[in-house]
Amino acid sequence: KHGIERAISRAARAERGWIATRASLLAPRRLQISVDGADRADEAEVLILRWDRERKTEVARGENQGRTLIDTNVVRGILNIATWRGEPIQLTIDLEDLGQGAGEDGYAVIVQDIASGEVLGIARVERN
């Protein structure tokens, strides 16, 4: 069943002009990114988002004083790492260069049209 759902999802993305985007951890601190080529005239940004599964905040004042608030899938930073112009690209990023601290649970790579803001491709990788 899951295989069929994935195939249907891939077909729908291809019909919309979705760009195949992949990300994987090569080592604990290196991220490999690839974006397929496509026959498009517009440019797109390749963005990396760093995120945490969960963040806890102790509230010191106000109506929630003394409570602990829990947020999930918290984006910790966004960085534009490349411009995609229709040609296939492969990048290997040293995560130390992103300036993030320890504790990020994963990364998302988003390919976003510069002019329209349309998301053309996305990949997600989680750290264990």
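The values are calculated or read from the model by the stated rules, or taken from the named source; none is laboratory data. Just so it is clear, the model here is predicted, and its values are computed rather than measured. Cβ atoms come from the backbone with ideal geometry, glycine included; neighbour counts cover every protein chain shown. With ligands, DNA and RNA removed, areas are computed over all heavy atoms of the protein, side chains included. Shrake-Rupley method; radii C 1.70, N 1.55, O 1.52, S 1.80 Å.
Tell me which trypsin sites (Lys or Arg not before Pro) from the range 30-101 have a DSSP coil assignment and no more than 15 other beta carbons within 10 Å of their own.
In loop regions of the range 30-101 (DSSP not H, G, I, E or B), the sparsely surrounded trypsin sites (Lys or Arg not before Pro) are Arg40, Arg61, Arg67, Arg85.
Say R0 is 22 Å: what FRET efficiency, to the nearest 0.05, do Arg124 and Asp71 get from their beta-carbon distance?
Step by step, r from the Cβ atoms, then E = 0.75.
Calculate the FRET efficiency for Glu96 and Val59 from the Cβ-Cβ distance with a Förster distance of 22 Å, rounded to the nearest 0.05.
0.10
Whenever you get a sec, compute what percent of the accessible area on the range 55-128 sits on carbon and sulfur atoms (1.4 Å probe). Before the final figure, lay out the partial values.
Details: 2100 of 4880 Å².
Accessible surface attributable to carbon and sulfur in the range 55-128 totals 43 percent.
Using each residue's phi in the range 58-66, evaluate 6.51 cos²θ - 1.76 cosθ + 1.60 at θ = phi - 60° and report the 3J(HN,Hα) Karplus result to the nearest Hz, with x for Gly and Pro.
Residue by residue, the range 58-66 yields 7, 8, 8, 9, x, 5, 9, 3, x Hz.
Work through the residues other than Ser116 whose Cβ is under 12 Å from its Cβ and net out their charges, Lys, Arg +1 and Asp, Glu -1. Present the calculation step by step, with values, prior to reporting the outcome.
Values: positive: Arg40; negative: Asp42, Glu43, Glu45, Asp113, Glu118.
Net charge in that neighbourhood comes out at -4.
List the GluC sites (Glu not before Pro) within the range 59-128 that fall in a DSSP loop (any state other than H, G, I, E or B) and whose Cβ has at most 13 other Cβ atoms within 10 Å.
Qualifying residues, ordered by number: Glu63, Glu118.
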